[in-house]
Amino acid sequence: MAETTIPASTRFERTPDGAALPQGWAVYLHPEGNTYYFNPETSVVSDTDPRRNGVIALFNTALQKIHDQLSHDLKAAGVEVFLSVSDSSTRLPEGAVEYYVVDYEHRSIFWIADVNIVTDLAGSAGTVDRFESMEQLRLSLEPEFWTHVEYYPCHQAIYDQKAEKELTAALRHGCVDDTTAPGSVFPYGADECLRYLKLLERFSRDDESTEIYRRSWIARLWASICRSRYINRHGLPYPRVDRLQGVQSYLRQQTRESISMALGEALCLGMSKRTFARLTELWNGRIIYQRHWQPFLDQERSEWRWTALGGLYLLMMNGIQSGSGTSFILVVTSASFTCSAFILSALMLQAHSAERLKTASDISSYISMTESLDHGLRPLSIAFTLPKALLVYGMLVFGANSVHHVASQLQNEPVQMLYMTTAAAAIPMFTALVVYRAYGPAAP
């Protein structure tokens, strides 16, 4: 029940939780608001409250098993153990203990027994993928180490200055790489790198009171960089050093002979082929680089907006045309194409709004869901360009109706209609020429 009265002389200690903890345990508050617990005597870190009934007993049992498998003490080995007790909100049976061991010296995590990544692996290491070699496994586990550091940054006694210096060097290299190589595989663009470098420089002048903030966000950047290195086979045979590497092969995989795809591309007047090539280039390797995706999506949204506005204007002209004695069937046909273009443009804007496709994860999930198993990105490219194609059809029918009406009028009153047609065509052209001469680029 919510209280409405503040007791007199109420003051608080600067701790996340004032309730008593079991002996040896301390509670920490993450910069983003989560609490976690650490026992320096046993080198155990956990997101499970040790005050929960039966948790300490489960921790002790799991810790004893880990000690029995390790040849030396955890503290002496320079490692710590993450333990988490599942509850009713997890997919595991209630009371099950998940764990991994964190090796700060080698920037990795490990387990004390063999684990199957498909059936056994749990906890924060659930993203580990199949591996071909121990070096690839190392690349796969390093992002999980940095994720652990990001989530639990407050209890570590020593700040990793070496990691910060290496991150500075990596960001500088990424900045140069992005500005000099169109196919850069670094996860951040030049502008992002410069912003992060400025933050690093400012944080370096702070005292120890801000170390947990530095450690957390530096670990987050390192996790992103390490995931990119794993995906691009950094240091492995046949690394992916250019994001456009293999794009032609990927194009060929998606261009199987298909009557339905050929009809769809023909319906879009071939405009979908350019969109298809661009989508394939962006999704090559199934890695999202936001600095390339966002301009593409912004351009598509702009074209859908202009298509919708063009549709409204054409509908207005259809209304005017219907009262001028033109073919009613052609007016209805043009209006039907135009309404379809307007509606599809609105739907595409809603489905691809900046709010829905805000992060790289959002974009990746969407493309993975819409990518066809047989035809790749060709169906999506057709959907992207269909509103524009429908508007073109509406304009063509409108133009044909106008020409037909003018031709029929010329037969009845040829001289007067010729003068009117010439004026109607010449005035817009003359106006456009004057505006271009006044505001367009000057001749060299």
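Quick notes on this one:
- Pairs of lysine residues in the chain that meet both criteria, 8 or more places apart or on different chains and Cα atoms under 25 Å apart, total 7.
- Dipole of the range 258-406 [Lys/Arg +1, Asp/Glu -1 at C-beta], most positive-end residue of T333, L349, L267: L349
- I259, I66 arranged by Cβ crowding within 10 Å, fewest neighbours leading: I259, I66
- A Förster distance of 41 Å, applied to the separation of the beta-carbon atoms of E166 and H67, puts the FRET efficiency at 0.80.
- For the range 131-199 versus the range 288-331, the gap between their alpha-carbon centres in whole angstrom: 44
- Here the chain is scanned for GluC sites (Glu not before Pro) in DSSP loops (not H, G, I, E, B) that have at most 14 other Cβ atoms within 10 Å, and the longest stretch holding none of them is 133-256.
- Whether the range 229-337 is rounded, prolate or oblate, judged on the alpha carbon gyration tensor where a/c under 1.5 counts as rounded: oblate
- On the basis of the beta-carbon distance and an R0 of 35 Å, D87 and E3 show a calculated FRET efficiency of 0.80.
- Exposed loop sites are taken as trypsin sites (Lys or Arg not before Pro) in a DSSP loop (any state but H, G, I, E or B) with at most 12 other beta carbon atoms within 10 Å; the longest stretch of the chain without one runs 257-355.
- Where N is the number of residues in the range 15-69, Cα Rg divided by 2.2 N^0.38 Å: 1.18
- Computed P(r) (all Cα pairs; the range 258-406; 5 Å bins; percent): 2, 10, 17, 19, 17, 13, 9, 6, 4, 3, 1, 0
- Whole-angstrom Cα spans of the range 357-411 along principal axes, big to small: 62, 28, 8
- Between Y366 and L236, residue separation times 0.36 nm minus the direct Cα-Cα distance comes to 43.8 nm.
- Rounded FRET efficiency, nearest 0.05, which uses the C-beta distance separating I158 from I56 and R0 of 30 Å: 0.60
- A viscosity of 1.306 mPa s and a temperature of 10 °C, combined with the Kirkwood radius over C-alpha pairs in the Stokes-Einstein formula, give the chain a diffusion coefficient of 57 µm²/s.
- A viscosity of 1.002 mPa s and a temperature of 20 °C, combined with the Kirkwood radius over Cα pairs in Stokes-Einstein, give a translational diffusion coefficient for the range 206-268 of 133 µm²/s.
- The label-point distance for L347 and Q253, in a model that sets each label 7 Å from Cα toward Cβ, rounds to 2.9 nm.
- Remark: the range 345-360, residue by residue, has Karplus-estimated 3J(HN,Hα) of 4, 5, 5, 5, 5, 5, 6, 10, 5, 5, 6, 6, 10, 8, 10, 4 Hz, where x stands for each Gly or Pro and the curve is 6.51 cos²θ - 1.76 cosθ + 1.60 at θ = phi - 60°.
- The calculated P(r) of the range 26-231, using every Cα pair and 10 Å bins from 0, goes 8, 31, 34, 20, 7, 1 in percent.
- The range 140-205: C-alpha gyration tensor shape, a/c 1.5 cut-off, then a/b vs b/c: oblate
A short reminder: the numbers here are calculations on the coordinates, not readings from a lab. Just so we're clear, the structure is a prediction, and the values are computed from it rather than from any experiment. Methodologically, a virtual Cβ is constructed for each residue, glycine included, from the backbone with ideal geometry; neighbour enumeration extends over all protein chains shown.
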